[in-house]
Amino acid sequence: MKTVALYCRVSTSKQTNENQLPELRAFAERQGWTVVKEYVDTITGSGKRKREAFDDMMDAASRHEFDLLLFWKLDRFSRAGVRQTLVYLTKLDGWNVGWRSFQEQWFDSCGPFKDAVISIMATLAEQERVSISQRTIAGLKRARREGKTLGRPTADVDMRQVAKRRAKGESLRAIAADMCGSPALLCKRLAA
């Protein structure tokens, strides 16, 4: 009997994994597999933030705590781009841990075309990440055209007060905490 780990990811806290997990559990049960652990992340898949459950899952895979990793779709597993996705899947292969996509039945480490499918699907996942980024940039441009102010509100900082406190030996971090909350803002103002 195979032992299986499930991996689920949603991008925001407004979404839920509850449409993924029950189906993955049922699929594993129909296959006669034992689910030993479920790893769930609520975080963007852009690769810019740490995915704690994903990292825990990869650590467990390296210790061969399960035989197969089952995930909903490749874009739920990784959108980090072709190279990084291939690194993850190659690591699983190297640890003798199989992997399978529930939604993409052809995306299976045991299939005869796995290498070709991996390249194509990883490229598609990366392209979706790029498309999301482009939509975000377009939305920010539209907001600027409409006159909306983006970013942190500007803070009035009395630079003479900053200079006096610095002369007394206070750190920029301590001064920023009291005056504006941003050491980077103070550094920028001091450099100007």
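Computed from the coordinates by the stated procedures, all read-outs in this text should not be read as laboratory data. Small disclaimer: the values here were computed from a predicted structure and weren't measured. In this analysis, Cβ positions are derived from the backbone assuming ideal geometry, glycine residues included, and neighbour counts consider all displayed protein chains.
Using a 10 Å cut-off on Cβ atoms, rank the peptides 85-95, 60-70 from the highest mean neighbour count down. Before the final figure, lay out the partial values.
On the way: 85-95: 15.8, 60-70: 18.1.
Result, highest mean Cβ count within 10 Å first: 60-70, 85-95.
How much length, in nm to one decimal, is gained on full extension between ARG160 and LEU124, taken as 0.36 nm per residue of separation minus their Cα-Cα distance? It would help to have the intermediate numbers written out before the result.
On the way: separation 36, 0.36 × 36 = 12.96 nm, distance 5.38 nm.
Using 0.36 nm per residue and subtracting the Cα-Cα distance, I get 7.6 nm.
Going down the table (LYS73/LYS148; LYS50/LYS141; LYS50/LYS91; LYS50/LYS148; LYS73/LYS141), which pairs top 26 Å between alpha carbons? Mind showing how you got there, number by number?
Values: LYS73/LYS148 37 Å; LYS50/LYS141 28 Å; LYS50/LYS91 18 Å; LYS50/LYS148 31 Å; LYS73/LYS141 32 Å.
From LYS73/LYS148; LYS50/LYS141; LYS50/LYS91; LYS50/LYS148; LYS73/LYS141, over 26 Å: LYS73/LYS148; LYS50/LYS141; LYS50/LYS148; LYS73/LYS141.
Given 0.36 nm per residue, what is the gain on full extension from GLU170 to ASP59 after removing their alpha carbon distance, in nm? Don't jump to the answer; show the numbers that get you there.
Working: separation 111, 0.36 × 111 = 39.96 nm, distance 4.28 nm.
Net length gain for the segment: 35.7 nm.
Cβ under 10 Å from PHE71's Cβ, PHE71 left aside: what net charge do those residues give with Lys, Arg +1 and Asp, Glu -1?
Numbers: positive: ARG9, LYS73, ARG76, ARG100; negative: ASP75, GLU104.
With Lys, Arg at +1 and Asp, Glu at -1, the neighbours total +2.
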